[in-house]
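S.K.: Sharing a structure here in structure tokens format.
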Amino acid sequence: MLEIKNLHARVGEVEILKGLDLTIGSGEVHAIMGPNGAGKSTLSYVLSGREGYEVTSGTVLYQGKNLLDMEPEKRAGEGVFLAFQYPVEIPGVSTMNFLKASVNSVRRYRGQSEFDAMDFLKFVRRQTKVLNIGDDMLKRAVNVGFSGGEKKRAEVLQMAVLEPTLALLDETDSGLDVDALRIVGEGVTALRSPERSMLVITHYQRLLDYIVPDVVHVLADGKIVDTGDKELAIKLEKNGYARYAEAAA
Amino acid sequence: MVAVTETVDQVELVEKYKYGFVTDIESDQAPKGLNEGIIRFISAKKEEPSWLLDWRLKAYAHWLTMKEPNWAKVGYPPIDYQDSYYYSAPKSMDDGPDSLGDVDPEILDTYKKLGIPLHEQEVLAGVKNVAVDAVFDSVSVATTFKEALSKEGVIFCPISEAVKEHPDLVKQYLGSVVPYSDNYFATLNSAVFTDGSFVYIPKGVNCPMELSTYFRINASNTGQFERTLIIADAGSKVSYLEGCTAPMRDENQLHAAVVELVILDDADIKYSTVQNWYPGDENGVGGIYNFVTKRAACRGRNAKVSWTQVETGSAITWKYPSCILQGDHSVGEFYSVAITNNHQQADTGTKMIHLGKNTSSKIIAKGISAGKSQSTYRGLVKMMPKAEGSRNYTQCDSLLIGKECGAHTVPYIESRNKSAKIEHEATTSKIADDQLFYCRQRGISEEDAVALIVNGFCRDVMQELPMEFAVEAQKLVGISLEGSVG
Ligand SMILES: Nc1ncnc2c1ncn2[C@@H]1O[C@H](COP(=O)(O)OP(=O)(O)O)[C@@H](O)[C@H]1O
Ligand SMILES: [Mg+2]
């Protein structure tokens with residue numbers, strides 16, 4: 001599904017990813033944990049094609065295709081979705097309109113028919129209930145004045161309606177209280193399927209109580225430095241990342 | 001339904017002229033140039049009474065003493081007023097070509113991008129109850145729903161017809177808001193205006209449908225000088241929309257219109273414009289000079305006027321729809337979106353003149369500049385000594401796309417009454433990279449993302465447009481910004 005080999009990437013003059021290898025199979029959920037500044041968000045941006053994140057060597061194969069060759073919108077069409085660590089505000093554009101523009105764009109790309117307004121509303125409503133998102137939130141401008149929890153729930157809603165094949169979730173748990181964490185965690189878990197792979201970036205293992213990963217990786221200093229199962233996440237929570245920092249140094 | 005079909009048919013008739021006119025149609029033109037003889041020619045063509053000819057000649061004599069204004073932040077080579085035709089009209093309505101086959105494919109392409117084969121048709125075909133006056137070069141070629149409207153006492157007709165059929169109304173109000181001596185371009189218009197719409201809404205009547213005028217410049221080397229006069233009598237209400245298009249040409253064509261609105265006690269006029277004149281090509285060649293004077297006089301108590309404009313076209317836009325708030329408690333509003341791309345220049349804004357007590361005005365202006373374009377908001381808020389308790393709120397936002405464009409805000413504030421309140425807010429921003437990336441990550445192409453973000457930026461203005469036209473205006477935003485990123 002996704003095969004990353006010896007990936008090096010830099011932002012400006014600074015190399016952030018320094019030979020990262022990662023393989024994710026269809027339907028698998030992988031968690032990536034790691035200290036602040038390790039390069040987790042950088043990895044998510046490189047995979048989604050953000051400008052300014054320059055790949056200097058290595059390869060990324062996604063469904064057998066060279067992912068790095070594609071424009072960001074094409075990657076989205078191909079099924080790559082990123083739940084942003086910091087979702088972006090778009091003043092004046094209602095969340096509903098944004099969702100519709102987005103879903104219809106990827107549906108066009110995928111050769112599916114576009115939704116009209118009525119069908120789309122029904123389609124969205126199927127997802128909003130699980131995420132405890134009311135119609136009033138859909139009328140508000142994209143992320144403008146949203147609380148931390150609302151922003152993250154809106155990201156998961158977008159993931160649900162865009163039906164990705166590879167979902168990258170960048171700290172979707174940060175800034176959430178216990179209830180919001182549960183809603184988001186259950187929302188994501190409901191979207192697990194044999195055709196959908198996920199890469200869950202998190203700082204804390206608490207999210208992984210809801211989204212139970214098949215594999216857990218530790219990312220430190222631009223590389224995967226350890227890989228294990230759910231137990232690894234629990235150990236990390238207890239012991240911290242200090243020993244990886246030393247290993248990297 | 002019958003009425004709707006009628007509208008569509010009428011417009012199809014007009015459409016035939018729209019494209020064929022450039023090459024094969026026979027038109028009736030005044031000789032090139034401008035002089036007293038030309039003005040007499042126009043007046044004779046229109047079979048005007050002598051008072052109107054005298055008024056035109058007075059305006060012309062005054063114009064000769066005037067200098068072209070140069071205070072606006074726009075630049076263009078001197079206009080040769082003798083190198084233009086001041087009257088051009090199709091000789092007959094049957095001379096159009098049978099097919100659209102010989103239409104410039106780039107124009108067709110533009111309409112295709114809008115999702116419609118023909119601009120006016122889309123707006124009209126999907127919408128009920130819109131009466132249309134279609135002004136083609138110097139004449140009105142069709143006005144729809146006249147009978148239906150006249151049942152309510154509403155007069156909606158070409159101004160040249162109003163001069164004949166309703167001379168008292170025209171004589172009373174023409175030039176009463178924008179006098180013939182007002183400014184260089186308005187004075188020129190007073191001398192040579194050819195057609196335009198006339199509207200009278202009688203006392204207490206809520207006009208049963210939207211009224212609209214479509215202006216089309218077709219003939220080359222021809223200026224268009226239309227004149228619109230709308231009178232809302234006491235307690236009446238009307239919503240009026242104008243749309244404008246012109247073919248693509250290498251030359252610059254002058255469009256110097258005058259619009260006068262008169263609003264009496266408790267009456268309400270909503271005037272919306274979707275201006276899409278040809279803006280010139282990406283190198284700045286050709287395009288319309290849109291030098292327009294629009295003014296509303298709120299003469300009555302509680303009179304209300306609301307100007308909404310979406311300006312996407314023209315090489316140069318010079319226009320300041322204004323409100324004279326004379327009646328106590330009268331209200332003036334100005335909502336504006338001005339988009340400039342490539343080499344377009346826009347200097348636009350409004351004037352709010354508060355004369356009466358407790359008058360209020362609101363200005364929401366959104367300027368979007370892309371390419372090498374320049375956009376200026378210029379606005380005057382004036383509180384006169386008797387404007388006790390009056391207030392104004394102004395919000396002016398500029399959005400820049402790219403590094404070579406400019407946005408400027410020039411507010412003039414003059415308060416001669418201590419109890420008057422004036423608030424002004426202004427912002428300048430750019431489309432942020434993270435906004436673009438966020439949209440693209442969601443599958444939205446870069447151009448669609450720009451259109452989406454800009455439409456969001458303009459939302460407060462767009463939502464003032466009549467619903468049927470808002471959709472068209474939103475599409476126009478996208479089209480006019482094409483090629484502005486990447
Ligand atoms: N746009 C940027 N410009 C400069 N440095 C950046 C940029 N983005 C990230 N970095 C740097 O790259 C490193 C990794 O950042 P990031 O991928 O955000 O880490 P994480 O998500 O693991 O906390 C950090 O040292 C950070 O300061
Ligand atoms: Mg991060």
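What follows is calculated from the coordinates using simple rules that are stated; it is not laboratory data. These figures come from a predicted structure and were not determined experimentally. So basically every Cβ, Gly included, is an ideal-geometry build from the backbone, and we count neighbours across all protein chains shown.
S.K.: Is any residue of segment B:251-277 close enough, with backbone N under 20 Å, to a label point placed 7 angstrom from the Cα of residue B:184 along the Cα-Cβ axis, and if so, which?
M.R.: Under 20 Å, as judged by backbone N against the label point of residue B:184, lie B:252-259 of segment B:251-277.
S.K.: Among the lysines, select those whose C-alpha is under 26 Å from the C-alpha of residue B:421, and discard any that sit fewer than 8 residues away in the same chain.
M.R.: B:270, B:294, B:304, B:319, B:351, B:357, B:362, B:366, B:382, B:386
S.K.: Let me ask you something else. How many nm separate the modelled label positions at residue B:71 and residue B:53, each set 7 Å beyond the Cα in the direction of the Cβ?
M.R.: According to this spin-label approximation, the distance is 3.7 nm.
S.K.: Amide H of residue B:242 versus every other amide H placed in the peptide plane: which residues, excluding those fewer than 5 positions away on the same chain, fall under 5 Å?
M.R.: B:213, B:272, B:273, B:274
S.K.: Going 7 Å from the Cα of residue A:13 in the Cα-to-Cβ direction, what parts of segment A:33-53 have a backbone nitrogen less than 19 Å from that spot?
M.R.: Inside the label zone: A:52-53.
S.K.: Thinking of segment A:40-84 as a set of Cα atoms, what percent of all their pairs are more than 11 Å apart?
M.R.: Here the tail beyond 11 Å accounts for 65 percent of pairs.
S.K.: On average, how many beta carbons from a partner chain sit within 10 Å of the beta carbon of a residue in B:352-365?
M.R.: Values: counts 0, 0, 0, 0, 0, 0, 0, 0, 0, 0, 0, 0, 0, 0.
Per residue, the number of nearby Cβ atoms from other chains is 0 on average.
S.K.: Still on this structure: Taking each residue of A:140-151 in turn, how many C-beta atoms of other protein chains fall within 10 Å of its C-beta, and what is the average? Kindly include the intermediate steps, with their values, before the conclusion.
M.R.: On the way: counts 0, 2, 7, 1, 1, 0, 0, 0, 0, 0, 0, 0.
Averaged over the peptide's residues, the number is 1.
S.K.: Which value, in Å³ per residue, describes the convex hull spanned by the Cα atoms of segment A:2-248? Mind dumping the intermediate values first?
M.R.: Details: hull volume 30.2 nm³, N = 247.
Cα-based convex hull of segment A:2-248, divided per residue, equals 122 Å³.
S.K.: For peptide A:90-99, how many partner chain Cβ atoms fall within 10 Å of a residue's Cβ, on average? If you can, show how the numbers build up before the last one.
M.R.: On the way: counts 10, 7, 12, 9, 2, 0, 0, 4, 6, 1.
Per-residue shielding by partner chains comes out at 5.
S.K.: Let me ask something additional. For B:461, A:55, B:238, what's the fewest-to-most ordering of other Cβ within 10 Å of each Cβ?
M.R.: Lowest to highest Cβ neighbour count: A:55, B:461, B:238.
S.K.: Taking other Cβ within 10 Å of each residue's Cβ, how do B:457, A:120 sort, fewest first?
M.R.: Details: B:457 24, A:120 17.
The fewest-first ordering by Cβ neighbours comes to A:120, B:457.
S.K.: Pull up the cross-link candidates among the lysines for residue A:151, meaning alpha carbon to alpha carbon under 21 Å and not fewer than 8 places away within one chain.
M.R.: In chain and number order, the partners are A:40, A:100, A:129, A:139.
S.K.: Right, another one. Treat each spin label as a single point 7 Å out from the Cα along the C-beta direction, and report the residue B:426 to residue A:237 distance in nm.
M.R.: That separation, rounded to one decimal, is 5.5 nm.
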